[in-house]
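Peer 1: Can you keep this structure in mind? I'll have questions shortly.
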Amino acid sequence: MTDKPFPTEAQIAAALAAAKARPALTEIYFVACGGSYALMLPNQYAVDRHAKTIAGHALNAAEFMARNPARLGPTSAVILCSHSGTTPETVDAARFARAKGALTVALTNLPGSPLDEAVEFPVYYTHAPKTFAPDHSPAVMARLTFGIMGVREGNPLAQKVEKALTALPALIDTAIAAHTDRIATFAEAMKREPVIYTMGAGANYATAYSYAICIFQEMQWIHSAGIHAGEYFHGPFEITDFDVPFIVLRGLGASRKMDDRGLAFATKYSQRVTTLCAEELGLGNIDAEVVEHVEHMAFGTLLRVYCDKLADSRGHPLTVRRYMWKMDY
């Protein structure tokens, strides 16, 4: 990683100019693995909600190649992400998409990485997971997605998203400070738990999914599952009991009705529910048209502080692995 500031703004502008210059652009494929794949889900959600001529598809990188979408070609944009820029499936997917004639854009934290070199338009982001800034990966993804909808369809929400991203850092810092006692209580209460479930809906499901697979399973070896609040009553609610821990994300967007229904049931039958509420975090001050597209970033940053404290209480650093990067797999 270079000590010089990343040229993120110029890179975003170049990618958007390339998207605008395409004779036609009818779909965006959001392609990655693991936590980077979770990063893609809110952007498919945004395209589904707002794009009129562009379809969005979020896919695991290996699945993307195996599926070999029939529509993939010169009318496609493929946005990929790998923090290290070395995830083999994602690098291969970038080459695969580029060979099909698609516009390829990649987010990475490592200039000069294989993914950087595989795409036409790399975009570098800053990584500081317990803070937030508009050049962090989820913000850069939103800026690219809404930017493409802006240059291709004249969608006016890109400017509102930019404004919301500028307002988020102060709101998140305030929320983290306000949660200091709750974070400490959570860490002590959960440090010996073998299972913690996470639940959310809309764009916030991505955060629930990410923390289930990347933080609890990968980094803490705690059994977990990301539960979509709309799916909770179609199977998962049967595991609810008085001593079963849940983290529930309560948003302010179109999916709030699902959040509230799931939260009401979980808190009725479990005494171990941790609720993060977007309204309580001050996100009601964000423009109502775009708050559902940025609140997952606030949840993700705050939850990382929760989980860092949990790791300390468990004596299990987030960097410890059994298998990842230690053997062939």
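Values quoted throughout were computed directly from the atomic coordinates according to the rules given, and no laboratory measurement underlies them. Keep in mind it's a predicted model, so treat the numbers as computed, not measured. Every residue, glycine as well, gets a Cβ built from its backbone with ideal geometry; the counts of neighbours run over all protein chains shown.
Peer 1: Using the 10 angstrom Cβ neighbour count as an exposure proxy, how do D241, D312, D135 rank, fewest first?
Peer 2: D241, D312, D135
Peer 1: What's the local net charge at A212, with K and R +1, D and E -1, over the other residues with C-beta under 15 Å away?
Peer 2: Combined, the nearby Lys, Arg, Asp and Glu give -2.
Peer 1: Something else now. Count the lysine pairs in the chain whose Cα atoms sit under 30 Å apart, keeping only pairs 8 or more residues apart in sequence or on different chains.
Peer 2: Total qualifying Lys-Lys pairs in the chain comes to 26.
Peer 1: Shifting gears a bit: Pick from M297, M219, M40 the residue whose mean-square fluctuation is largest in a GNM of the chain, springs joining Cα atoms under 10 Å.
Peer 2: Result for the chain, Cα springs under 10 Å: M219 fluctuates most.
Peer 1: Counting Lys and Arg as +1 and Asp and Glu as -1, each charge on the Cβ, what is the dipole of the range 8-155 about the Cα centre in debye, to the nearest 20?
Peer 2: My answer is approximately 360 debye.
Peer 1: Now, a different point. Could you grab the relative contact order for the range 172-329? Cα pairs under 8 Å, six or more apart, rounded to a whole percent.
Peer 2: About 29 percent, as a whole number.
Peer 1: Relative contact order for the range 8-155 using alpha-carbon pairs under 8 Å, separation at least 6, rounded to a whole percent?
Peer 2: Reported relative contact order: 27 percent.
Peer 1: Out of residues 5 or more away from G282 or on other chains, whose amide H comes under 5 Å of its own, with H placed 1.01 Å from N in the peptide plane?
Peer 2: For G282, no residues qualify.
Peer 1: I need E295, E63 ordered by Cβ neighbour count within 10 Å, fewest first.
Peer 2: E63, E295
Peer 1: Additional query: Which whole-number percent is the relative contact order of the chain (Cα, under 8 Å, 6+ apart)?
Peer 2: Answer for the chain is 16 percent.
Peer 1: So, one more: Where is the GNM fluctuation largest for the chain (alpha-carbon springs, 10 angstrom cutoff): F132, F146, F237?
Peer 2: F237
Peer 1: Could you give me the ³J(HN,Hα) list for the range 48-55, computed from phi with Karplus coefficients 6.51, -1.76, 1.60 and θ = phi - 60°, whole Hz, x at Gly and Pro?
Peer 2: 4, 6, 10, 7, 9, 10, 10, 9
Peer 1: Convert each backbone phi in the range 130-146 into a coupling constant with the Karplus relation 6.51 cos²θ - 1.76 cosθ + 1.60 (shift: θ = phi - 60°), then list the ³J(HN,Hα) values in order as whole Hz, x for Gly and Pro.
Peer 2: The phi angles translate into 9, 10, 9, 8, x, 9, 7, 4, x, 5, 4, 4, 4, 5, 5, 5, 5 Hz.
Peer 1: While we're on this one: So if I take the centroid of the Cα atoms in the range 164-188 and the same for the range 15-41, what is the distance between those two points in Å?
Peer 2: Answer, in whole Å: 30.
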